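The values are calculated or read from the model by the stated rules, or taken from the named source; none is laboratory data. In this text the structure is predicted, and so the values were computed from the model without any measurement. Using ideal geometry, Cβ is built from the backbone for each residue, glycine included, and neighbour counts are taken over all protein chains shown. For the accessible areas, the whole protein counts, side chains as well, though only heavy atoms, and no ligand, DNA or RNA atoms are used. Shrake-Rupley method; radii C 1.70, N 1.55, O 1.52, S 1.80 Å.
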Amino acid sequence: MATGATKMTPAGRRSGVTKECDVIILGSGLAGSVTAAILARHGVDVVLIDATTHPRFAIGESMTPQLVEWLHILAERYDVPEIKSLTSANRSTKDIGPVFGNKAHFGFMLHRPGEEPDPREATQLALPKIFHYNSHLFRQDSDAFMFYVAVRYGCTQRQNWRATDLDFDDDGVTVKGHNGEVFRGKYLIDASGFRSPLAEKFDLREKPARFKHHSRSLFTHYIGVKPFDDVSGHPKKLRPPVPWHQGTMHHLIHRGWFWIIPFDSHPKSKNPLCSVGLTFDERVYPKPTDMTPDEEFNHYLDMYPAIKRQFEGAQRVREWVSTDRLQYSSKKSVGYRWCLMSHASGFIDPLFSRGLSNTFEVVDALVSRLLRALRDNDFSVERFEYVERLERGLLQYNDEIVNSSFISFSHFPLWNTVFRVWGAFISPGVMRLTRARLRYVRDHDERHFQELEDAPYPGLWWPESHKLKRLLESTAETCEKYEVGELTGDEAAGIIMRMLQESDIVNPAFGWKDPEKRFVAPSTFTMAKFLYWASVQGPPEVNHLGREFLKGILKAGAKARKLL
């Protein structure tokens, strides 16, 4: 049991035909299963319900440094070491199986219809090794793994079990199933995604969604997709430092993008599959009524010759998922004795792979409060108000950067600046999390995690930074002026580039202020220069973060050496 863990006394297991518990969770994907595992580990009587069964297909396969850090935090804070099995391709391969890809970068290549892509219209962010190698999660195995972890910790599970009715009263929630089985709990978490029974029950969906961004998607898994490195035809001197196939490939088109996420990019992987998707603005690319998904996807492949070469001889191995508009939102995420968790509350777009990072930030915020609420038998909405603000902020700020990106895809110099607004603040966003975790490992004081929430802009990837918020909002405003013709693409790009160059919180070591530096691949030496800048030369908000992060890294290293 973790320090400070609260042992819950389960309610009566059976009352007539009603089975009683503490918490009912709808949805056993990663969000629901990780939440169930944490709660069960702390003695909570949990029922985990799903309308389908494991293993199963899911997307959200590309990891980010921020996601990795949230996984480490959840594992340490709640003493569930199995969560660390998801933190890297090496760890997942060892603990779960040789089916995970290696993600060493975010790669972006611009394409125009009927033309070969210009290798100078590409950007790449290679992930520094200090933030660990991320992975391409093979979700059917990662999700099943965490589901079984939750069951091993004592969670009651029901697969292929469909909730037909939810009934709330002052004392709890009753969930009835299609087979007549009934569960009675103190709190309900809906982690089921878009088709949320809770959202339907309370008519929570906003119609239309409140977001600026628009997109729909086609996605599936293929076998035999060729690495872009093999088919691009670009000279080596114009290629990025990390091969395209070693990361998540984004092929950018006008107001849309293809994703290529290989699962064979890790040297020990035996998984030949590749996740493939096309996400584009449904206002520009209306969903056809006279094409199958295969025909529609091939229609767009025919427009982009270099991407098409990747698919020569490739075969689809799953049915397509073809969506309408992806964006949805809810009037609220938290109520008396219930929470719409993450993708049950709303969704923007898979661009930048923020879905799982956002999810586990919400898991942490909700679980920390729910454990205290169960202990106190107090489920007042006010106790969970931060979860509501966090979920709203995560969606709002993601909407700003994704909508700006889609607008910029049609003009490379503008995309080159938006890419920098996104990428330049990944490092401080992760550093604040790592600093809190290392402090907690040292003294197990919950205050370090509570301080992460004491920020003015929950949901922003560096939520303490007033300057980042202003830069993001100014970027969105500038891109929208380009969209409606008030600015040319070059004028808009110039405005954003000047903001980056004049900003004292933009890290100068990586080359974010140099528009000619299209491939950002920090070496160990570059990371040392960055940490020196952040610790000594940067403005106060960066300086404090850099010093504390460096101190934590050095102390953690010293402790590790003592154990050897």
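Residues are listed down the side, and each one gets a yes or a no for (1) open to solvent by 40 Å² or more (accessible area, probe 1.4 Å); (2) at pLDDT 95 or above; (3) among the hydroxyl-bearing types (Ser, Thr, Tyr); (4) farther than 15 Å from residue 418 by Cα:
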{"residue": "460", "(1), (2), (3), (4)": "no, yes, no, yes"}
{"residue": "468", "(1), (2), (3), (4)": "no, yes, no, no"}
{"residue": "477", "(1), (2), (3), (4)": "yes, yes, no, no"}
{"residue": "494", "(1), (2), (3), (4)": "no, yes, no, no"}
{"residue": "512", "(1), (2), (3), (4)": "no, yes, no, no"}
In segment 229-253, how many are closer than 29 Å to residue 404 by Cα and more than 24 Å from the chain's Cα centre (by Cα)?
7
May I ask you to verify whether residue 451 is under 24 Å from the mean Cα position of the chain (by Cα) and free of Cβ contacts under 8 Å to residues at least 24 places away in the same chain?
yes
Would you pick out the residues in segment 237-276 that are within 25 Å of residue 483 (Cα to Cα) and open to solvent by less than 40 Å² (accessible area, probe 1.4 Å)?
250, 251, 252, 253, 255, 256, 257, 258, 259
Would you say residue 121 is more than 16 Å from the chain's Cα centre (by Cα) and open to solvent by 50 Å² or more (accessible area, probe 1.4 Å)?
no
I'm checking my understanding of the structure. Among residues of segment 137-151 that are of a type outside the set (A, V, I, L, M) and either open to solvent by 60 Å² or more (accessible area, probe 1.4 Å) or part of a loop (DSSP other than H, G, I, E, B) (or both), which one is farthest from residue 357 (Cα to Cα)?
148
Do we have residue 211 as in contact (Cβ under 8 Å) with a residue 40 or more places away in the chain, of a type outside the set (Lys, Arg), assigned to a strand (DSSP E or B) and open to solvent by 10 Å² or more (accessible area, probe 1.4 Å) here?
no
For residue 134, only one of the following conditions fails: (1) open to solvent by 10 Å² or more (accessible area, probe 1.4 Å); (2) at pLDDT below 95; (3) touching a Ser or Thr at 6+ places or on another chain (Cβ under 8 Å). What is its number?
(1)
Looking only at segment 45-61, and only at residues there that are open to solvent by 10 Å² or more (accessible area, probe 1.4 Å) and in contact with a helix residue (DSSP H, G or I) (Cβ under 8 Å, 6 or more places away or on another chain), the one that is nearest to residue 190 (Cα to Cα):
50
I'd like the full set of residues that are part of a loop (DSSP other than H, G, I, E, B) and open to solvent by less than 50 Å² (accessible area, probe 1.4 Å), limited to segment 300-331.
304, 311, 314, 320, 323, 326, 327, 329
Is it true that residue 379 is in a loop (DSSP other than H, G, I, E, B) and open to solvent by less than 10 Å² (accessible area, probe 1.4 Å)?
yes
Looking at (1) in contact with a Leu (Cβ under 8 Å, 6 or more places away or on another chain); (2) open to solvent by less than 10 Å² (accessible area, probe 1.4 Å); (3) among the aromatic types (Phe, Trp, Tyr), find the lone condition where residue 280 falls short.
(1)
Here the residues within segment 234-268 that are aliphatic (A, V, I, L, M) and either part of a strand (DSSP E or B) or more than 14 Å from residue 121 (Cα to Cα) (or both) are 242, 249, 252, 253, 260, 261
Please specify each residue of segment 388-417 satisfying the condition of being open to solvent by less than 10 Å² (accessible area, probe 1.4 Å) and either modelled with pLDDT under 95 or not in a helix (DSSP H, G or I) (or both).
409
Quick one: would you say residue 125 is assigned to a strand (DSSP E or B) and touching a residue at least 12 places away in the same chain (Cβ under 8 Å)?
yes
Any idea how many residues of segment 152-164 are surrounded by fewer than 18 Cβ atoms within 10 Å (Cβ to Cβ), outside any strand (DSSP E or B) and on the phi < 0 side of the Ramachandran plot?
3
Within segment 525-547, can you find the residues that are crowded, with 19+ Cβ neighbours inside 10 Å and either within 15 Å of residue 433 (Cα to Cα) or hydrophobic (A, V, I, L, M, F, W, C) (or both)?
530, 531, 534, 542, 545, 546
Only one of these is of a type in the set (A, V, I, L, M, F, W, C), surrounded by fewer than 18 Cβ atoms within 10 Å (Cβ to Cβ) and at pLDDT 95 or above: 182, 173. Name it.
182
Can you tell me which residue in segment 516-564 is modelled with the lowest pLDDT, limited to those that are in contact with a helix residue (DSSP H, G or I) (Cβ under 9 Å, 6 or more places away or on another chain) and of a type in the set (Asp, Glu)?
548
In segment 332-367, what count of residues is obtained for those that are open to solvent by less than 10 Å² (accessible area, probe 1.4 Å) and either in a helix (DSSP H, G or I) or at pLDDT below 95 (or both)?
12
Qualifying positions in segment 214-231 - in contact (Cβ under 8 Å) with a residue 40 or more places away in the chain and out of contact with any Ser or Thr (no Cβ under 9 Å at 6 or more places or on another chain):
214, 223, 224, 225, 226, 228, 231
Single residue of 223, 189 found to be of a type in the set (A, V, I, L, M) and open to solvent by 30 Å² or more (accessible area, probe 1.4 Å)
223
Scan of segment 84-112 for residues that are closer than 23 Å to residue 439 by Cβ, surrounded by fewer than 24 Cβ atoms within 10 Å (Cβ to Cβ) and in contact (Cβ under 8 Å) with a residue 24 or more places away in the chain, ordered by number
87, 88
Residues that are farther than 29 Å from residue 441 by Cα, open to solvent by 20 Å² or more (accessible area, probe 1.4 Å) and modelled with pLDDT of 50 or more, drawn from segment 1-44
17, 18, 19, 20
Tell me, which residue of segment 276-301 that is more than 27 Å from the chain's Cα centre (by Cα) and among the β-branched types (Val, Ile, Thr) is nearest to residue 259 (Cα to Cα)?
292
